[in-house]
Structure formats: C-alpha cells, structure tokens
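A short reminder: the numbers here are calculations on the coordinates, not readings from a lab. Keep in mind the model is a prediction, meaning the values are calculated, not measured. Ideal geometry is used to build each Cβ from the backbone, glycine not excepted, and the neighbour counts take in all protein chains shown.
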Amino acid sequence: MRKLWRKLKREAHWVLTAPLGKLPREESLKECAEKIRTVDAPYRDCFRSSHTIGELQEDLFHLVKRLLEAARGEEGVLAHRADGGGTLRYVLNEGTEVSVLTALGIHGLRSAYVLHFERTRLGRWGRIPHSPLWVLGRVGHAPPVLEELEVVQGRLLKKYPTLKEALSEMTDHPRPTFLVEVWRRGQVGFAMAAGGWATHVLVGERAFFALNPPLDEGVVDDDRESLARALRRNTPLGELPSSAVLALLQGEGNLEAAERVWVLARLATW
C-alpha cells in the first residue's frame with residue numbers, strides 16, 4: 001500500500017493504491033480523513049456559513065469511504081465528489097467559495113485512488129468549475145496513477161485502434177497525454193483526455209479527425225446544435241452542411257460523406 005501527499009496553497013491531494021477492485025486499508029482512509037480535516041479547517045468561519053467539508057460532514061472518515069466506494073471498480077476511470085455547499089449549492093450565489101472533495105478510481109492492473117481537495121469559487125447555477133477529468137489531469141503524473149493510466153489507455157486503444165494515430169500526433173507535448181474514455185454522441189465518438197479535453201473525434205468505423213483546438217468537456221456536454229457548430233469549426237467536418245453534422249450527432253446522417261471528408265483531409269496533408 002503506497003500513499004503520496006502533496007499540499008498546495010488551496011489544493012491538496014492524496015494517492016492510495018489497492019488490489020484491483022478493492023478499497024485501501026481503513027487505517028489509510030482514516031489518515032486521509034484527518035489530513036482533509038487539517039487542510040479544510042482554516043476555511044471554517046464560526047460566525048457564518050463557510051461551506052467547508054467539515055461543516056457539512058462531521059464524520060470525514062465515512063465520507064472518504066463513501067466517496068471511494070463510489071469510485072471503486074475493476075476497469076477504467078470512475079469518479080465521485082462531495083462539496084461544502086451540499087444540496088444548497090445550486091441556489092448559492094456565483095462566486096461563493098466552497099470546499100470540494102473529489103474521489104477518483106483508476107483501475108488498470110491495480111486500483112489507484114485519488115482524493116483531491118480544493119477550495120474554489122462556484123460558477124453560475126452552483127457549477128463546480130473543475131471536473132473530475134480536470135483533477136485527473138492534475139494528478140495523473142503521480143507514479144501510482146501514471147502506471148494505471150497507461151493500462152487504461154492501452155485497453156482503450158485496443159477497443160478503438162484508430163486512436164493510436166491520435167497519440168502519435170501528440171508526441172510534441174511536454175507531458176504525455178492520456179486518453180481515458182470515448183464519449184459517444186450519436187455516430188460521433190469524442191476521445192477524452194485526462195485534463196478534461198476532447199482531442200479527437202471518431203465518426204463511424206473509419207473516419208478520424210483531430211480537434212484543433214481541442215474541445216473542453218463542457219462543450220461536448222452542450223446541446224447538439226452548439227456541438228455541431230464546434231465540430232464544423234474545429235475539424236474538416238466544416239466541409240459538410242450543419243444539418244449533416246447535426247444528423248451524425250443524432251445517430252443518423254451520411255457516414256459515407258463524413259468518410260469522404262476524412263479521405264480528402266488526409267490527402268491534403270501528404
């Protein structure tokens with residue numbers, strides 16, 4: 001069992017490992033709970049609500065265990081989180097400070113778990129500005145996490161062999177980019193990287209486009225019309241009418257037309 005701990009100004013994370021599909025030892029979870037209490041406590045205001053984790057959850061050990069249980073699995077990346085706003089977060093004012101605790105489970109040959117604490121300001125409608133994939137980008141280069149991410153990515157490449165070319169195009173990055181999952185939107189698949197970015201799209205079985213620039217995961221979760229505009233703007237799919245791209249996102253459309261665009265785009269680079 002290995003544990004790493006690092007504290008930043010308003011951020012801290014802990015990495016725990018366990019056999020695949022198992023939780024870390026309870027002693028390690030209790031130690032993490034105390035560390036979380038330590039970094040969270042300075043933000044507590046005894047005169048008004050400060051939306052800290054400890055203010056909302058007195059038993060931090062059971063909170064840690066519950067979050068890691070939700071992130072437990074035997075394959076891929078799973079995540080769960082809690083925040084000091086609780087059920088009231090959606091009615092809090094934009095800019096309100098809250099404590100956020102994110103649990104990640106990265107399951108390759110073993111299970112690596114990350115507990116990430118951050119003190120942050122809410123966005124509109126109580127939105128937490130940083131997603132679990134963003135957290136993964138922050139901590140993904142810690143050795144225990146890195147080892148399991150390599151396994152997760154290897155499995156993804158076996159399922160989507162064309163993604164190997166995506167990685168070969170990203171060799172100039174100072175740090176390796178790990179693709180961890182593919183989000184399906186109709187006949188379009190978005191290759192999601194640790195850090196919260198869609199770097200490439202797959203259309204049907206063969207067509208394959210780099211997103212330039214990459215799309216934030218919030219855009220991928222947006223309505224189909226906005227996503228269709230982003231695809232036409234950031235890939236050669238702009239050669240197709242907007243109605244054709246929208247149809248692909250709806251699970252319909254002409255795959256042959258998309259493949260023709262793919263072939264022409266590749267010929268243009270030769």
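Below are the figures for this structure:
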item	result
Label-point separation, GLU147 to ASP59 (7 Å along Cα→Cβ), nm	3.3 nm
Relative packing of peptides 182-194, 149-161 - highest average C-beta neighbours within 10 Å first	182-194, 149-161
In the chain, lysine pairs with alpha-carbon atoms under 14 angstrom apart (chain gap of 8 or more, or interchain)	5
Relative packing of 57-65, 227-235, which averages over residues the other C-beta atoms within 10 Å, highest first	227-235, 57-65
Answer label, with Rg and Dmax of the Cα atoms in Å calculated from the coordinates and candidates (1) 46.9, 146; (2) 20.6, 67; (3) 20.2, 63	(2)
Within the chain, helix-based [θ] at 222 nm, where runs of 4 or more DSSP H residues each add -39,500 (n - 2.57), nearest 500	-10500 deg cm²/dmol
Rounded tilt (10° steps) of 143-159 against the dominant C-alpha axis of the chain	30 degrees
Whole-number percent relative contact order across the range 160-269, with pairs defined as alpha carbons under 8 Å at least 6 apart	20 percent
Mean Cα-pair separation over length for the range 42-169, i.e. relative contact order, pairs under 8 Å, 6 or more apart, %	20 percent
Cα centroid of the range 204-270 to Cα centroid of the range 100-135, whole Å	29 Å
For the range 44-53, 3J(HN,Hα) per residue [Karplus equation, 6.51 cos²θ - 1.76 cosθ + 1.60, θ = phi - 60°, Hz, x = Gly/Pro]	6, 10, 6, 9, 7, 5, 10, 6, 8, 5
Contact order normalised by residue count of the chain, Cα under 8 Å, 6+ apart, percent	12 percent
For the range 198-207, Karplus couplings with θ = phi - 60° (6.51, -1.76, 1.60), whole Hz, Gly/Pro x	8, 9, 8, 10, 10, 10, x, 8, 10, 5
Degrees between helix 224-234 axis and first principal axis of the chain (Cα, 0 to 90, nearest 10)	70 degrees
